[in-house]
Amino acid sequence: MADPFSPDRDELGFDPQLEVAATAWLSQRRGKPVWAGPPPVARLIANLVPQDQRKAGMTARELQGRWAEIVGDKIATICQPDQIKGETLVLKVVAAAAPLLSMRSNEIVGLVRLAGASKIKKLSLVRAPLKQAVKAQASTTKRKLNATEQRKLDEQLEQVTQPSLKAALTRLAEATASID
């Protein structure tokens with residue numbers, strides 16, 4: 001039954017081809033969100049970090065702060081990172097240690113890249129006096145475990161059959177007890 005109050009399609013100028021085209025257009029675009037969602041976080045913070053530091057992964061200052069951790073205490077006492085020039089890490093070196101460090105340059109570059117400065121590909125050694133490294137004073141007094149802590153540790157380590165592993169875990173427990 002036709003609605004007597006609605007106008008006839010012929011009176012409105014109904015064109016079946018336009019109706020098909022409009023239906024196809026709507027079916028392709030229907031259901032698409034109007035809002036695309038938040039932008040990627042990388043795009044939001046891109047301007048906060050300078051371009052050269054984004055590529056390098058670490059700055060020279062970060063390397064200086066973690067140098068002993070990256071290359072070890074022995075190498076850290078004879079050289080220090082000074083700056084990063086492109087893909088080259090410039091190291092200040094004690095003059096007598098330059099030949100040793102040039103031999104171990106591939107190893108040092110590998111350690112630096114592993115630590116996060118993936119852009120670094122080679123070293124440049126500069127003979128210069130080193131700045132005194134400021135190290136945090138570690139607490140040298142190790143606290144021994146009291147009787148109840150020792151008994152609890154022994155109970156936990158009953159299942160461990162390897163003596164070297166048991167000794168290492170005991171040392172770890174003593175070291176963490178002295179942190180408290």
Point to revise | Looking only at the stretch 90-108, and only at residues there that are outside any helix (DSSP H, G or I) and charged (D, E, K, R), the one that is farthest from Gln80 (Cα to Cα) | key: Arg104
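Of everything in the stretch 141-165, what is at pLDDT below 80 and of a type in the set (D, E, K, R)? Give them in sequence order. Write out each step before concluding.
Start the filter on the stretch 141-165 by keeping residues that are at pLDDT below 80, which leaves 141-144.
Residues satisfying the conditions are Lys142, Arg143, Lys144.
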Exercise for review: Name the single residue, out of those in the stretch 82-96 being surrounded by fewer than 18 Cβ atoms within 10 Å (Cβ to Cβ) and either more than 28 Å from the chain's Cα centre (by Cα) or closer than 17 Å to Ala68 by Cβ (or both), that is modelled with the highest pLDDT.
Suggested key: Lys92
Review point. Within the group Ala138, Ala115, Ala56, which residue is farther than 30 Å from Thr176 by Cα and at pLDDT below 90?
Key: Ala56
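The values are calculated or read from the model by the stated rules, or taken from the named source; none is laboratory data. Everything numeric in this text was worked out from a predicted model, so none of it was measured. Note: ideal-geometry Cβ built from the backbone for every residue, glycine included; neighbour counts use all protein chains shown.
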